[in-house]
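Working notes, structure below.
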Amino acid sequence: MEPLVQDGEAVAIEQEAPGDVAARDMLLDRAMGPRWRKKTSQKIRQGRRPADGLAFVARSADGGLAATVRLWNIEAGIDPFGRPVPALLLGPLAIDPALKGCGVGAALMRHAIAEAARLGHGAVLLVGDAPYYERFGFTCAKTGAIALPGPVERERFLAVELVEGWLDGAAGMVVPTGRYVTKSRVRATAIAA
């Protein structure tokens with residue numbers, strides 16, 4: 001992908017590399033504070049790997065992490081026939097506080113959604129500020145009968161369908177379906193944090 005230029009500085013969107021995990025966690029702490037680890041969505045992500053090919057970073061010209069986003073495999077309840085509804089959970093999206101308002105987060109979001117669609121996923125859910133995520137097509141119109149395993153403000157539980165009608169009739173609890181992180185990787189991540 002061609003680099004973006006934000007305030008004269010080049011920023012490139014890339015797949016997250018294994019060596020980015022510690023820097024990613026530090027960026028999340030700077031951008032969101034340590035409470036991001038206690039959020040309801042984190043309970044779904046805990047101990048799981050991001051969906052294949054759907055973990056991205058925006059890297060500044062000096063190689064540092066400017067922003068990060070991951071998407072996770074979930075089931076968004078069941079459909080009216082009792083079948084699980086596969087989907088993705090997005091988050092967290094974090095931008096280096098020094099780059100907020102420069103468009104890096106929006107570019108990263110557009111890239112992540114486009115890749116999810118290209119890979120054949122049907123919908124993306126997230127918990128976030130509706131005024132920010134509405135520009136990417138997210139609304140709470142399809143999440144009313146879907147629940148998360150913890151507290152969440154309903155107007156912040158949003159979804160975008162990548163395939164029209166994908167979430168029609170979806171109801172029930174969101175559950176993680178992604179692969180587990182191996183024990184050695186969990187230990188290495190815990191030590192790095």
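Quick note: the coordinates plus some simple rules give every number you see, no bench work behind them. Since the structure is predicted, the reported quantities are computational estimates derived from the model, not experimental observations. Note that we place each Cβ from the backbone using ideal geometry, even for glycine, and neighbour counts take in every protein chain shown.
For a quick check: sort LEU162, LEU108 by the number of other beta carbons within 10 angstrom, fewest at the front.
Details: LEU162 20, LEU108 23.
Fewest-to-most ranking of LEU162, LEU108: LEU162, LEU108.
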Please check the chain for the longest run free of GluC sites (Glu not before Pro) that are loop-located per DSSP (anything but H, G, I, E, B) and have at most 12 other Cβ atoms within 10 Å.
-> 1-152
Taking the alpha-carbon set of the chain, what are its Rg and Dmax in Å?
-> 16.3, 53
For the range 88-99, in order, what is each residue's ³J(HN,Hα) by Karplus, 6.51 cos²θ - 1.76 cosθ + 1.60 with θ = phi - 60°, in whole Hz (x at glycine and Pro)?
-> 10, 10, 9, x, x, 9, 9, 10, 3, x, 5, 10
³J(HN,Hα) across the range 130-136 via Karplus (A = 6.51, B = -1.76, C = 1.60, θ = phi - 60°), whole Hz, x for Gly/Pro?
-> 3, x, 6, 7, 4, 5, 9
List every residue whose amide H lies under 5 Å from the amide H of VAL11, counting only residues 5 or more places away in sequence or on a different chain, with H placed 1.01 Å from N in the peptide plane.
-> LEU4, VAL5, GLN6
Taking θ as phi - 60°, what are the ³J(HN,Hα) couplings along the range 13-28 by the Karplus curve (6.51, -1.76, 1.60), each to the nearest whole Hz, with x for Gly and Pro?
-> 8, 9, 5, 5, 9, x, x, 8, 4, 5, 5, 4, 4, 5, 4, 4
For GLU16, the residues 5 or more places away or on another chain with a placed amide H closer than 5 Å to its own amide H are ALA55, PHE56, VAL57
